[in-house]
Amino acid sequence: MTGTDDAIGRNLLGHVLLPIANEADALATARALEPYEPERVTALHVVEKGGGVPDKTPVEQSEELAAESYAAVRTVFPDADDHTAYARDVAAAIFDAAEEVDASAIAYRSRGGNRLMKFISGDVSLKLVTESDLPVITLPHEDPDE
């Protein structure tokens, strides 16, 4: 399934940016992408900054979480690159990272949540599919109990 994006003449799965949240999410997301055989993968972990308030987690803990997440992706895609972003707006960080690494598409698994959580968080999924300049691939959930 390696279609070409006619608008820019690039292979859609030539270089996929793969946003990941934690080790379990990274492994599940990489496995969901694997059947599509992307040529190149860059895993992205966004460390959410507090924006004038204390960060959700200490930087060292966030960086350790990112390293564990990258290792999980590499069990599926051994040659995957990694990219860590520090930002308050997760969707904007994903878009910026996609531009920085010259990704051809963004692939992700929705992390769900109730309406209130989506409202509070700004619903990253909605922003990804409505505000991206790149194709966005929503990957299927294999295990509904995750």
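Which of (1) in contact with a strand residue (DSSP E or B) (Cβ under 6 Å, 6 or more places away or on another chain); (2) modelled with pLDDT of 95 or more; (3) closer than 16 Å to ALA103 by Cα does LEU12 not meet, given it meets every other one?
Checking LEU12 against (1) in contact with a strand residue (DSSP E or B) (Cβ under 6 Å, 6 or more places away or on another chain); (2) modelled with pLDDT of 95 or more; (3) closer than 16 Å to ALA103 by Cα, the one that fails is (2).
Looking at ALA80, ALA43, ALA67, which one is surrounded by fewer than 17 Cβ atoms within 10 Å (Cβ to Cβ), closer than 14 Å to ILE20 by Cα and either at pLDDT 95 or above or basic (Lys, Arg) (or both)?
Every option except ALA67 fails the conditions.
On the given criteria, is VAL73 closer than 18 Å to VAL136 by Cα, surrounded by 15 or more Cβ atoms within 10 Å (Cβ to Cβ) and within 13 Å of the chain's Cα centre (by Cα)?
Values: closer than 18 Å to VAL136 by Cα: no; surrounded by 15 or more Cβ atoms within 10 Å (Cβ to Cβ): yes; within 13 Å of the chain's Cα centre (by Cα): yes.
Considered against the rule, which asks whether it is closer than 18 Å to VAL136 by Cα, surrounded by 15 or more Cβ atoms within 10 Å (Cβ to Cβ) and within 13 Å of the chain's Cα centre (by Cα), VAL73 comes out as no.
Applying the selection to the range 96-109, what residues are surrounded by fewer than 20 Cβ atoms within 10 Å (Cβ to Cβ) and in contact with a strand residue (DSSP E or B) (Cβ under 8 Å, 6 or more places away or on another chain)?
Step one: of the range 96-109, the residues surrounded by fewer than 20 Cβ atoms within 10 Å (Cβ to Cβ) are 96, 99-102.
Result: ASP96, GLU100, VAL101.
Could you check ARG88 against (1) at pLDDT below 95; (2) under 14 Å from the mean Cα position of the chain (by Cα); (3) not small (Gly, Ala, Ser) and say which number it fails?
(2)
When you scan the range 98-108, do you find a residue that is modelled with pLDDT under 95 and charged (D, E, K, R), even just one? Spell out how you get there, then give the answer.
We begin by selecting, within the range 98-108, every residue modelled with pLDDT under 95; these are 108.
Remaining after also requiring charged (D, E, K, R): none.
No.
The values are calculated or read from the model by the stated rules, or taken from the named source; none is laboratory data. It should be emphasised that the depicted structure is a prediction, and the values quoted were computed from it without experimental measurement. Methodologically, a virtual Cβ is constructed for each residue, glycine included, from the backbone with ideal geometry; neighbour enumeration extends over all protein chains shown.
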